[in-house]
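Okay, so here's the structure we're looking at.
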Amino acid sequence: MNSRNRSTVTEFILLGLSSDPSVQIILFIIFLVAYIASLAANCLLILAVSVDRHLHNPMYFFLVNLSIVNLGGPSVSVPKMLLNFLYGDKSILFAGCATQIFFSLLLGLIEGILLVFMAYDRFIAICKPLRYHMVMNRSACTWMIAVTWTVSCVMSSADTFLLCSLTFCGPNTINHFFCVIPSLMLLSCNDNSLFDILILFGSTALLLIPLILIIFSYYKIMASILRIQSGRYKAFSTCLSHLIVVAMFYVIATVMFMQPSSSVDDNRDKIVSVFYVVVTHLLNPLIYSLKNKDVLRAMRRLAILR
């Protein structure tokens with residue numbers, strides 16, 4: 001068909017998780033409760049760290065930034081999904097789709113880079129404790145956060161720009177509950193082979209390089225802990241929460257992003273996306289707080305003050 005005779009798609013239809021009205025009601029309640037719980041848990045963690053002077057150190061500075069990402073992550077897609085459940089209008093404009101993709105990529109990249117800096121923080125604290133306050137000073141931490149946001153913004157803008165350069169001429173149905181690059185690429189009229197390679201290569205590099213840095217940091221940390229005669233458990237326990245969050249993030253990110261559009265499995269991707277968008281952003285503040293006596297103490301003080 002001649003490209004001049006193609007009609008350009010300006011909106012998409014998100015099929016969501018179910019078309020059964022009774023199931024949609026149940027899903028609406030579940031996701032609403034999970035979303036509110038996620039917002040409450042992350043806000044409480046941010047507030048507890050902010051008001052407790054004992055927690056004003058680099059580790060909790062990065063944790064607050066991670067909690068901000070956890071606030072934004074589900075907010076990109078869950079409110080739209082809840083409205084779809086409530087009103088049955090599953091349409092989304094192309095601009096809205098591009099916005100969802102931009103912020104999903106932005107927050108995902110920020111989380112990945114933050115996990116690297118958090119691993120580096122633990123490396124300095126355990127392997128070079130005498131230099132900790134000199135290396136992880138306020139200006140250094142601020143610089144790390146600035147680099148995190150700048151790199152993430154540039155990379156997510158580039159990917160979103162490439163996506164916007166594609167032509168969509170029908171069909172316009174996305175078998176997902178929010179806009180994701182692999183599903184959109186399947187609907188493009190263009191030859192996506194080069195774009196596929198760029199996305200796959202970029203995703204691999206952006207996931208693999210931070211993961212290598214984290215693994216190297218923990219290799220050094222474990223080697224240092226094994227040389228400690230006493231206090232090994234206490235030293236390792238400060239890293240355990242971070243290791244659990246790293247494992248969850250990279251397992252899910254690998255499934256979601258390190259695949260060509262031709263191998264997309266919608267049902268699998270929707271399950272993984274639900275876990276990443278809703279469950280992990282709720283679990284992260286719980287993982288960091290439930291076994292952290294300092295955070296629990298700060299939360300109790302906060303409750304008393306209220």
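The values are calculated or read from the model by the stated rules, or taken from the named source; none is laboratory data. Note that the coordinates shown come from a computational prediction; the quantities given were computed from them, not determined experimentally. So basically every Cβ, Gly included, is an ideal-geometry build from the backbone, and we count neighbours across all protein chains shown.
Descriptive notes on the structure:
- Flag if Ser77 is buried (at least 16 other Cβ atoms within 10 Å of the Cβ), closer than 15 Å to Phe275 by Cα, in contact with a helix residue (DSSP H, G or I) (Cβ under 9 Å, 6 or more places away or on another chain) and touching a residue at least 12 places away in the same chain (Cβ under 8 Å): yes
- Of all residues in the range 104-123, none satisfies being part of a loop (DSSP other than H, G, I, E, B), in contact with a Gly (Cβ under 9 Å, 6 or more places away or on another chain) and farther than 17 Å from Ile199 by Cα.
- Against the conditions (1) charged (D, E, K, R); (2) surrounded by fewer than 21 Cβ atoms within 10 Å (Cβ to Cβ); (3) modelled with pLDDT of 90 or more, Asp121 satisfies every one except (2).
- Set side by side, the residues Ile197, Ile174 differ, and just one is loosely packed, with under 15 Cβ neighbours inside 10 Å, more than 30 Å from Tyr120 (Cβ to Cβ) and modelled with pLDDT under 85, which is Ile197.
- One residue alone among Thr160, Thr204, Thr167 is out of contact with any Gly (no Cβ under 9 Å at 6 or more places or on another chain), hydroxyl-bearing (Ser, Thr, Tyr) and loosely packed, with under 13 Cβ neighbours inside 10 Å, and that residue is Thr167.
- The C-beta contact set for the range 189-204 (first residue touching a residue at least 40 places away in the same chain (Cβ under 8 Å), second residue surrounded by fewer than 13 Cβ atoms within 10 Å (Cβ to Cβ), distance under 8 angstrom, 6+ apart or interchain) comprises Cys189/Ser3; Cys189/Thr167; Asp196/Ser262.
- When the range 23-52 is filtered for residues that are closer than 16 Å to Val278 by Cα, of a type in the set (A, V, I, L, M, F, W, C) and in contact (Cβ under 8 Å) with a residue 24 or more places away in the chain, the ones remaining, listed by number, are Leu27, Phe28, Phe31, Leu32, Ala34, Ala37, Leu39, Ala41, Cys43.
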